[in-house]
Amino acid sequence: MTYQNYSLKQLQQIDAAHHLHPFTDHKELREAGSRIITRADGPFIYDADGTEILDGMAGLWCVNVGYGRNELAEAAYAQMKELPYYNSFFKCSTPTPVLLSKKLAELAPKQVGQVFYGSSGSEANDTALRLVRHYWALEGKPEKNRIISRKMGYHGSTVAGTSLGGMEPMHKQLGGAVPNIVHVMMPYAYELALPGESDHDFGLRAAKAVEDAILEAGADKVAAFIGEPVMGAGGVKIPPLSYWPEVQRICRKYDVLLMLDEVITGYGRTGEWFAAQTFGIEPDTITTAKALTSGYQPLSALLVGDRISRTLVEKGGEFYHGYTYSGHPVACAVALKNLEIIEREGLVERVRNDTGPYFAQALQERIAGHNLVGEVRSIGLMGAIEIVKDKATKERYLPSGSAAVVVRDHAIAQGMMLRATGDTMILSPPLIWTRETVDMACDRIARALDLAEADLRKR
Ligand code: PXG
């Protein structure tokens, strides 16, 4: 029986009765009822009432090639018929992860040539954490096991992902994180730069927090630094250009590995295949997931730098780690086809040279001037709108985070899906957006801001 046999109301009732959603206040959801999305095509999603909504979030930062790609469905179907599953344990392999690994090694920065697969970004970060600790143990330095991360970083929701991330409410619920992970300041100039401090100087100061943490622990105790090139779930926080090269210099100075979490930024979002290329750095690991398959299949790939893989091979000994679905043949077949589409349609170049700059300009010209907007910022097709009560003083509406939700609800009613995180609106659209789609989004967001302002000023 297909869902078409159920009314929207029935689906909502069954959802409420049996389905526990991620990151949800379940009491609140029971009262409101869920929004049920039934289909999607190109840049649009459609809810159970048939309402068309422009998807400004590419699902959840993942549907880079947009919806309705028959080629991806066909790749999955063909692979399922040929070989739906076999594992990559016990010295076995299957063709699609083999070929995908070769492709990823070609696309990745030159010092990164090996791939470890999982099904989610969280799993890939679990792998990354275990791998860097294993690396130092193989190098005869098992005590070099601490990881430096950032406050407000997001690295997933498993125990390791939560521990690596810097979200305090998540740590609180975890009730005991993976030990030896410390969190330093984030490079978020809008709120943390000092009066009169240039972007450049702020970037260096934020990087210095990494050095301070290394010195405090002792360099012989620090395994790695991990960060998202652009913090995503934490609010599309784009670091000054001075930040990443300085972090890399510091990591090299103290022989600390550099781990980039590109679960959001990987596969074109910033206008390069990887944000490591955008920021000109050479990480030792790159965590990727989401847009690797454009979300059509669950798949993550931890890209592993040669320094680490060389030690694994030279020293030998089993790395006791892996998942049933590591290198899943169907997911890897879809990833191969997805990367082929991104290449064939030149989506990365389009973001870099056309839609990315146009998006930045449109946000500046059409959104930044609004009374509710403290700042807009973007890189590639990834943007943020800061919602404030007072532009000049950057004062926010109270309670914290409540205003962005008002904007978001109006935006959805205007046919524009975007996300609110704290007091920040986030955009991360499919890379198939054109200038016209950017214009359509700005029209709808501007209307939502007007309506939200009318509501908020009544408070
Ligand atoms: N790292 C980063 C940088 C992420 O953004 C993960 C790891 C974990 O990936 P998985 O596949 O395990 O979810 C993510 C995921 C949001 C939101 O609300 C963001 C993510 C996931 C769910 C919600 O912005 N990012």
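The values are calculated or read from the model by the stated rules, or taken from the named source; none is laboratory data. Just so it is clear, the model here is predicted, and its values are computed rather than measured. Cβ sites come from the backbone with ideal geometry, for glycine too, and all protein chains shown count toward neighbours. Surface areas here come from the heavy atoms of the whole protein model, side chains and all, with no ligands, DNA or RNA. Shrake-Rupley method; radii C 1.70, N 1.55, O 1.52, S 1.80 Å.
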Original post:
Can you find even one residue in the stretch 445-459 that is under 23 Å from Glu272 (Cα atoms) and touching a residue at least 40 places away in the same chain (Cβ under 8 Å)?
Top reply: no
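Among the listed residues Lys208, Lys221, which satisfies the condition of being under 22 Å from Trp136 (Cα atoms) and open to solvent by 40 Å² or more (accessible area, probe 1.4 Å)?
So the residue among Lys208, Lys221 that is under 22 Å from Trp136 (Cα atoms) and open to solvent by 40 Å² or more (accessible area, probe 1.4 Å) is Lys221.
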**OP:** Select the strands (runs of 3 or more DSSP E) contained entirely in the stretch 292-410, then report the ones holding at least 3 residues which are open to solvent by less than 10 Å² (accessible area, probe 1.4 Å) and of a type in the set (A, V, I, L, M, F, W, C).
**Re:** 300-305, 383-387
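Take Pro179 and decide whether it is more than 21 Å from Thr288 (Cβ to Cβ), open to solvent by less than 10 Å² (accessible area, probe 1.4 Å) and not in a helix (DSSP H, G or I).
Judged against the criteria, Pro179 is not a match.
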**OP:** For the stretch 422-451, name all the residues that are out of contact with any strand residue (DSSP E or B) (no Cβ under 8 Å at 6 or more places or on another chain) and over 22 Å from Gly268 (Cβ atoms).
**Re:** Gly422, Asp443, Ala446, Arg447, Asp450, Leu451
Subject >> Residue identified as among the charged types (D, E, K, R) and closer than 27 Å to Val263 by Cβ among Glu52, Glu82, Glu74, Glu31 >> reply: Glu74
Original post:
Of all residues in the stretch 253-277 being among the polar types (S, T, N, Q) and under 12 Å from the mean Cα position of the chain (by Cα), which is nearest to Phe359 (Cα to Cα)?
Top reply: Thr270
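Conditions tested, residue by residue: (1) more than 16 Å from the ligand (Cβ to nearest atom); (2) farther than 26 Å from Ala441 by Cα; (3) surrounded by fewer than 14 Cβ atoms within 10 Å (Cβ to Cβ).
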| site | (1), (2), (3) |
| --- | --- |
| Leu11 | yes, yes, no |
| Ala17 | yes, yes, yes |
| Leu20 | no, yes, yes |
| Arg39 | yes, no, yes |
| Asp47 | yes, no, no |
| Met57 | no, no, no |
**OP:** Determine which member of the set Tyr67, Tyr46, Tyr117 is touching a strand residue (DSSP E or B) at 6+ places or on another chain (Cβ under 7 Å) and without any contact (Cβ under 8 Å) to a residue 12 or more places away in the chain.
**Re:** Tyr46
**OP:** Find the residue count for the stretch 410-442, including only residues that are touching a residue at least 40 places away in the same chain (Cβ under 8 Å) and away from the ligand (no atom under 16 Å from the Cβ).
**Re:** 14
**OP:** Would you check which residues across the stretch 108-130 are over 20 Å from Thr94 (Cβ atoms), under 21 Å from the mean Cα position of the chain (by Cα) and either more than 10 Å from the ligand (Cβ to nearest atom) or open to solvent by less than 10 Å² (accessible area, probe 1.4 Å) (or both) and list them?
**Re:** Ala108, Pro109, Val112, Asn125, Ala128, Leu129, Arg130
Subject >> Positions within the stretch 131-152 being within 16 Å of the ligand (Cβ to nearest atom) and free of Cβ contacts under 8 Å to residues at least 40 places away in the same chain, in sequence order >> reply: Lys151
Original post:
Within the stretch 212-223, is even one residue modelled with pLDDT of 95 or more, under 24 Å from Leu107 (Cβ atoms), away from the ligand (no atom under 14 Å from the Cβ) and not acidic (Asp, Glu)?
Top reply: no
Original post:
Hey, Gly235 hits all of (1) touching a strand residue (DSSP E or B) at 6+ places or on another chain (Cβ under 9 Å); (2) under 30 Å from Thr311 (Cα atoms); (3) open to solvent by less than 70 Å² (accessible area, probe 1.4 Å); (4) not aliphatic (A, V, I, L, M) but one; which does it fall short on?
Top reply: (2)
Original post:
Identify, please: which residue in the stretch 262-291 is closer than 24 Å to Pro329 by Cα and open to solvent by 10 Å² or more (accessible area, probe 1.4 Å) and is, among those, farthest from the ligand (Cβ to nearest atom)?
Top reply: Trp273
Original post:
How many of the residues making up the stretch 155-176 are exposed (fewer than 15 other Cβ atoms within 10 Å of the Cβ) and in contact with a His (Cβ under 7 Å, 6 or more places away or on another chain)?
Top reply: 0
Original post:
Has the stretch 185-202 got any residue that is outside any helix (DSSP H, G or I), open to solvent by less than 20 Å² (accessible area, probe 1.4 Å) and either free of Cβ contacts under 8 Å to residues at least 40 places away in the same chain or of a type outside the set (Val, Ile, Thr) (or both)?
Top reply: yes
